[in-house]
1. With springs only between Cα atoms under 10 Å, which of Pro83, Pro149, Pro138 fluctuates most in a Gaussian network model of the chain?
2. Output needed for the chain: three equivalent-ellipsoid semi-axes, defined as square roots of 5 times the C-alpha gyration tensor eigenvalues, in descending order, whole Å.
3. How high is the FRET efficiency between Gln2 and Arg128 when r is their beta carbon distance and R₀ equals 45 Å, given to the nearest 0.05?
4. Provide the gained length on full extension for the span Val147 to Glu111, in nm with one decimal, where the gain is 0.36 nm per separating residue minus the Cα-Cα distance.
5. When all protein chains stay in place, what accessible area (Å², nearest 10, 1.4 Å probe) is found for Thr76?
6. Which residue, Gln119, Gln144, Gln17, tops the fluctuation ranking in a GNM of the chain built on C-alpha contacts under 10 Å?
7. Could you give the length gained on full extension between Glu78 and Asp10, defined as 0.36 nm per residue of separation minus the Cα-Cα distance, in nm?
8. Identify the GluC sites (Glu not before Pro) of segment 105-174 meeting these criteria: DSSP loop state and at most 16 other C-beta atoms within 10 Å of the C-beta.
Amino acid sequence: TQDPLTGQLDIYHTHDQCDNWSASSIENGNQDLGPLASAVYLEFLDEQNGWVVVKQISSSNFSVGRLYRTNDGGKTWEELAVPLGEPVHFLDQNRGWIAGGPAGDELYRSEDGGRTWQQEQIYDRISRPADHAFVHLPIFIDDQNGVLPVKVVRANNAQMEIFTTRDSGANWES
């Protein structure tokens, strides 16, 4: 839930199959933005380690968000930088991904739990030149092996190009 006046976001959790709920608060540091969230995305590795992306209200030309991380089950939250207001996916406490953006063609990788992000060059990996690419979050079957689906558009024709990795996304092959 979110307080529309203060921007404070409350995340609720349960430990007894939904009989009782407890809240932990994420406070908005900038009260001038008005209502903060147009969407909220949760990602938890386990009961203690998780991330919340709060997508801020903006025009369709931007994907602005705030990233918060907890390592105590949501009792406290640390605000981190994030390049997009989109869902994140983490393989472990350090390695994570975020994809999307206003045009849907951005992919970023973090190696430090979301503190910093490096942009991955998608168009360099596509087999032939494309008019546009829509990038999805990678899907991993374990901590090393995964796939990256990319919808590739050429001359009003779309197809899915699948990239695979055997080294946690350090290298991708079509």
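1. Ranking Pro83, Pro149, Pro138 by mean-square fluctuation puts Pro149 first.
2. On the way: eigenvalues 193, 81, 34 Å².
So the equivalent ellipsoid measures 31, 20, 13 Å along its semi-axes.
3. On the way: r = 44 Å, r/R0 = 0.99.
The computed FRET efficiency comes out at 0.50.
4. Details: separation 36, 0.36 × 36 = 12.96 nm, distance 1.81 nm.
Contour length minus the Cα-Cα distance gives 11.2 nm.
5. It works out to around 80 Å².
6. The residue with the greatest mean-square fluctuation here is Gln17.
7. Working: separation 68, 0.36 × 68 = 24.48 nm, distance 1.42 nm.
That works out to 23.1 nm of additional length.
8. Numbers: sites: Glu106, Glu111, Glu120, Glu161, Glu173; in loops: Glu111.
Loop-located and lightly packed - Glu111.
The values are calculated or read from the model by the stated rules, or taken from the named source; none is laboratory data. All figures in this text were calculated on a predicted structure; none of them were measured in a lab. Don't worry about glycine lacking a Cβ; one is built from the backbone with ideal geometry, like all the others, and counts go over all protein chains shown. Just the protein is used for accessible areas: all its heavy atoms, side chains included, with ligands, DNA and RNA removed. Shrake-Rupley method; radii C 1.70, N 1.55, O 1.52, S 1.80 Å.
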